[in-house]
Amino acid sequence: MSVLAPVPNEEAIGLALQAHTEVFVGLRERAKKFIMPDPPVSEDEKKSLDYQRRVAESLAALDVFMSLVNVSGTMIGSGNYSSITAIADLTFTLNTNPFWIKHAAYLVPVLNVVINAFMDANAMALEAKEPIWEKLQYHNRNCWLELLPAIVLCLKGHLVMRKYSLEMKKTFEPFLR
């Protein structure tokens, strides 16, 4: 005899979707601070092709960040992230994003380090608990926090990345606890 899981009612589905949406809206709004260009100082600058190009590249970078956070959240097992969307992100979304394509030579190795660190954290979780390794396990589980500084480095350069690196990590660490 098989036991089927109870079918969630409309209210439960609505609450889950609302929570999922709130997390992604919060992530996106916070990431804009670091990714989007500074507001134009004049109407002429706002209309300039250079400013429009920076906005377009920043929006593409923002989409990359959101995809990578979803992939990371899925690896961690958080219910706010979607494994189906993570597969689509890795297969299609990133590979059709102009920012990702332009900076893949730098970002793909960073993503590989993040995935490897997460897998190490999982392996450490299966081992006998040794206090000496707890900090390394925490670091490995949260290596995904290097993704936004890597994106900002590609987008705005080293000085801006260094200026905001720690603030970015402190801002986003709670999202995948």
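The values are calculated or read from the model by the stated rules, or taken from the named source; none is laboratory data. The structure presented is a predicted model; accordingly, all values stated were derived computationally and were not measured. Cβ atoms come from the backbone with ideal geometry, glycine included; neighbour counts cover every protein chain shown.
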Original post:
Restricting attention to the stretch 1-36, and to residues there that are modelled with pLDDT of 75 or more and of a type in the set (Gly, Ala, Ser), which single residue is surrounded by the fewest Cβ atoms within 10 Å (Cβ to Cβ)?
Top reply: GLY26
**OP:** Kindly provide the set of residues from the stretch 100-152 that are β-branched (Val, Ile, Thr), more than 18 Å from LEU90 (Cα to Cα) and surrounded by 12 or more Cβ atoms within 10 Å (Cβ to Cβ), ordered by number.
**Re:** VAL152
Original post:
Is it true that GLU57 is more than 21 Å from CYS143 (Cβ to Cβ), part of a helix (DSSP H, G or I), without any contact (Cβ under 8 Å) to a residue 24 or more places away in the chain and of a type outside the set (A, V, I, L, M, F, W, C)?
Top reply: no
Subject >> Any helices (runs of 4 or more DSSP H) falling wholly within the stretch 60-177 and containing at least 1 residues that are free of Cβ contacts under 8 Å to residues at least 60 places away in the same chain and hydroxyl-bearing (Ser, Thr, Tyr) >> reply: 83-88, 98-126, 134-141, 158-172
Subject >> Among residues of the stretch 87-111, those that are farther than 12 Å from GLU57 by Cα and not small (Gly, Ala, Ser), counted >> reply: 15
